[in-house]
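The values are calculated or read from the model by the stated rules, or taken from the named source; none is laboratory data. These numbers come from a predicted model, not from an experiment. Heads up, the Cβs are rebuilt from the backbone with ideal geometry, glycines too, and the neighbour counts pull from every protein chain shown. Just the protein is used for accessible areas: all its heavy atoms, side chains included, with ligands, DNA and RNA removed. Shrake-Rupley method; radii C 1.70, N 1.55, O 1.52, S 1.80 Å.
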Amino acid sequence: MTTATITDLPFAGLPLDAGGHFRLHLYGAVAGLIAHLRAPGLLDLSGALASFTFLRGYEQALDVYQPEGLAPADVRVWWDEQLARWEGGVAGHLPLRSLTEQGGLSRDEIRLLITAGLVEEDIRFGAVFAILQEPLPARRPCAGVLGWLLGVPDGPPADPWPALRALLDRGLLLAENRADPRAEWLMRVPPAVWDAVRGCPASAPLPGLTHQPAGDFPTLTDLVVPPALRREIARLPELLADGRLGAVVPRGMTGSGRRTVLGAVARALGRGVLLWDGGTPADETWRLLGPLATLTGAMPVIRCNPGPGETLDLPSLPGYDGPVGITLGRGGGLRGPLIERALSLVMPPPDHEARRRFWRASGVPAADADIERIAARFLLTGGLIHRAAPLARARAALDGREAISEEDVRLGARTLNRQALETLATPLEPAGGWGDLVLGAATTAELRSLESRCRVRELLGGQAGAAFAHGLNRGVRALFGGPSGTGKTLAARALAAALGMDLYRVDLAAVVNKYIGETERNLNQVLSRAEELDVLLLLDEGDALMTKRTEVRNANDRYANLETNYLLQRLETYEGIVVITTNAGSRIDPAFLRRIDVIIDFTPPEAAERLLIWRGHLPEANVVSPAFLEDIAVRCALTGGQIRNAALHATLLALGEGGAVSDTHLEASLLREYRKAGAAYPLRATPAAAGQVARLRRFASGLS
């Protein structure tokens with residue numbers, strides 16, 4: 001339908017779109033204002049009218065449409081009739097018509113809204129309102145003036161409050177001075193509402209609100225989701241359109257396609273998306289979500305992130321009567337009118353084929369074989385692939401290459417990791433590999449088995465028996481137990497190097513919070529980010545939260561048990577690789593051990609292993625006698641961490657004297673290490689080593 005083909009409609013010269021519709025309403029509001037100014041009544045406004053010469057231009061424009069001799073009392077009725085005729089000949093979405101058909105507003109309420117916004121369109125109307133409401137010093141219309149304009153031009157003012165209340169409750173109007181008498185309340189149309197009324201909605205109308213047109217989303221057939229889920233999603237537009245469903249609630253990790261699915265459903269309904277992301281349901285952004293969704297013909301999509309055990313109240317959306325989308329993580333719940341007829345969908349992490357399609361859709365230049373390897377190596381969600389792809393291309397461009405490699409993707413993903421994780425965990429550099437470890441044969445074999453489990457973790461579920469169909473995910477949970485200094489953290493670093501993954505360490509003792517529910521929230525945040533970004537997570541000193549549950553004698557016991565219960569459940573559903581270290585394995589609740597896939601015990605090294613550790617940590621240019629080194633390896637039962645500290649301190653002593661590490665330096669370092677541990681030195685100390693220790697003590701006392 002075009003303007004050229006419709007000549008029998010009133011105002012045929014106006015475009016048949018939201019802008020033309022707004023212009024008609026604007027003309028009608030101006031015509032009503034002029035009719036009131038010219039009508040004989042209690043107020044003599046002839047002098048004031050003469051001073052507003054700009055109104056003459058509006059009168060000339062109106063004379064083109066209005067019949068000659070139209071009485072002021074008939075202006076409103078005539079314009080309502082013309083608007084109804086014009087709307088009847090125009091298909092498609094019209095923002096102001098939607099306020100009537102879906103928002104439940106009357107013609108009078110729409111007229112009042114446009115009249116209150118005249119000053120937003122033409123600043124000169126501010127002078128008119130200032131004259132009409134003297135001595136009130138304001139250029140926006142007050143409730144009293146709007147009541148006068150709502151009445152018959154030559155009659156008494158109408159009661160504006162039913163209409164104003166409807167507009168105020170929906171957020172379409174704001175009263176700026178509610179402490180003043182109600183008749184003096186100044187009415188303002190929020191800029192975001194006025195833009196939408198004019199048919200020019202902003203892409204970000206308010207902080208926390210984003211408008212996306214339907215074309216930004218794929219069609220239902222183009223969604224990258226499992227076949228069973230695709231069949232369910234295909235039915236959603238029909239169920240939402242006929243009212244059998246009121247809301248769709250996809251659950252999943254960040255980047256799993258929750259918003260994309262809702263956008264595709266909205267597109268199938270002929271709607272865009274108005275995304276609410278932030279604030280609380282009590283702020284201005286929430287109050288305007290419904291009216292703006294109605295005005296823009298969009299489906300509201302509410303992004304929620306309640307913590308574990310937390311339930312979020314979602315009140316109804318005034319001014320909107322249509323389908324709603326709500327995105328949720330794996331934890332937390334919802335209640336309220338918006339979810340009375342809601343359907344939940346579980347969005348699984350993308351499999352290998354889905355990741356391959358996401359990488360191809362991102363447009364990265366790479367051969368098919370490289371894409372296959374990248375999709376198998378990086379278990380990222382679709383949203384993160386979309387963000388990592390340009391970073392990988394930038395890395396390749398820095399090397400003067402067009403095609404991307406696995407290393408480019410790894411470095412690009414690391415940028416995302418740092419943005420999302422470094423406020424929650426500490427990055428650790430991976431070790432050189434398994435060659436850096438000196439461990440017993442049994443421990444080494446278990447670590448190799450753990451590496452194999454990590455490499456095939458996504459394939460394992462498909463090859464396992466039928467009993468594992470609903471109880472096996474791609475997560476791997478490992479427990480490293482043993483005394484301090486036996487190589488647990490180093491083994492985690494070596495595992496990260498072998499897998500080519502970034503490693504982040506979380507100290508559970510720092511995660512624990514004294515406030516109820518905060519510990520669970522902190523844990524959920526770090527675990528969720530880690531599994532979404534597919535990094536190796538190291539939970540240091542895991543026994544801080546994994547201790548055996550106790551009989552509840554007081555509130556502290558009760559909440560400690562709740563934290564333990566949460567971590568139990570969260571680890572069972574964790575989709576990434578997590579390594580937990582502990583120095584007190586006997587304190588861990590047996591229920592945790594059942595949920596751990598691999599348990600590896602780290603024991604203090606034997607004499608032969610200690611000798612290898614000494615040789616690996618001492619400088620190559622040392623002059624330590626082989627006999628002395630073998631003697632301390634046999635007789636000094638130190639852990640790997642203690643050997644590392646002693647070797648480093650011996651090197652420091654040698655640097656201070658300008659020579660190579662000798663027996664004396666090494667023995668002085670051993671004496672220091674045993675003193676730190678509060679244990680007796682098993683060898684007889686030589687005078688030179690004792691003198692070295694004495695000199696160090698005097699030096700330290702002089703510094704103090």
Practice item. Please work out how much length the chain gains when fully extended from THR219 to LEU612, using 0.36 nm per residue of separation minus the C-alpha to C-alpha distance, in nm with one decimal. Key: 135.3 nm
**Study point:** 13 Å cut-off, amide nitrogen to a point 7 angstrom out along LEU239 Cα→Cβ, residues in region 300-323
**Key:** none
Practice item. Can you sort ARG335, ARG610 by 1.4 Å-probe accessible area, starting with the largest? Key: ARG335, ARG610
Check your understanding: How high is the FRET efficiency between TRP78 and ARG373 when r is their beta carbon distance and R₀ equals 56 Å, given to the nearest 0.05?
Key -> 0.20
Review point. Is the shape of region 223-321 rounded, prolate or oblate, going by the alpha carbon gyration tensor and its root eigenvalues a ≥ b ≥ c, with a/c under 1.5 for rounded and a/b larger than b/c for prolate?
Key: oblate
Point to revise | Inter-probe distance in nm under a simple model that places probes 7 Å from Cα toward Cβ, at ILE599 and VAL152 | key: 9.0 nm
Revision key, fill the gap. Subtracting the Cα-Cα distance of GLU284 and THR426 from 0.36 nm times their residue separation yields 47.4 nm
Point to revise | Cα-based helix-to-principal-axis angle, 18-38 vs the chain, degrees rounded to 10 | key: 50 degrees
Check your understanding: Using Cα atoms only, what is the angle between the long axis of helix 54-63 and the major principal axis of the chain, expressed in degrees (0 to 90) to the nearest 10?
Key -> 70 degrees
Revision key, fill the gap. When the charge dipole of the chain is computed with +1 on Lys and Arg Cβ and -1 on Asp and Glu Cβ about the Cα centre, the Cα farthest towards its positive end, among GLY151, TRP194, VAL128, belongs to TRP194
Exercise for review: Within region 367-387, which residues have the backbone N less than 11 Å from the label spot 7 Å out from HIS352 along Cα→beta-carbon, could you tell me?
Suggested key: 372-377
Revision key, fill the gap. Measuring from the longest principal axis of the C-alpha atoms of the chain, the long axis of helix 352-361 (C-alpha) lies at a number of degrees, nearest 10, equal to 50 degrees
Exercise for review: Pull up all non-local amide H partners of ILE577: gap of 5 or more, or a different chain, and H-to-H distance under 5 Å with H placed in the peptide plane.
Suggested key: VAL476, LEU537
Exercise for review: Within region 114-183, report the trypsin sites (Lys or Arg not before Pro) that DSSP leaves as loop and that have at most 10 other Cβ atoms within 10 Å.
Suggested key: ARG178
Review point. What is the calculated FRET efficiency for TRP161 to ASP17, with r their C-beta to C-beta distance and R₀ = 25 Å, to the nearest 0.05?
Key: 0.15
Study note, to complete from the structure: LEU460 and ALA442 label points (each 7 Å along its Cα→Cβ direction) are spaced in nm at 2.2 nm
Point to revise | Pairwise label distance in nanometres, ALA621 with ALA660, each label 7 Å out on the Cα-Cβ vector | key: 0.9 nm
Check your understanding: What label, among (i) -0.56, -1.03, -1.15; (ii) -0.32, -0.96, -1.18; (iii) -0.44, -1.16, -1.32, belongs to log10 I(q)/I(0) by the Debye sum over Cα atoms at q = 0.06, 0.10, 0.11 Å⁻¹ computed from the structure on display?
Key -> (i)
Practice item. Note down the magnitude of the dipole of the chain about its Cα centre, charges +1 on Lys and Arg C-beta and -1 on Asp and Glu C-beta and zero elsewhere, to the nearest 20 debye. Key: 1900 debye
Check your understanding: Taking only DSSP H segments of four or more residues, each worth -39500 (n - 2.57), what value at 222 nm results for the chain once the sum is divided by all its residues, to the nearest 500 deg cm²/dmol?
Key -> -15000 deg cm²/dmol
Study note, to complete from the structure: FRET efficiency (LEU683, SER452; Cβ distance; R0 35 Å; to 0.05) is 0.25
Point to revise | Percent RCO, i.e. relative contact order, over the chain, from Cα pairs under 8 Å lying at least 6 residues apart | key: 8 percent
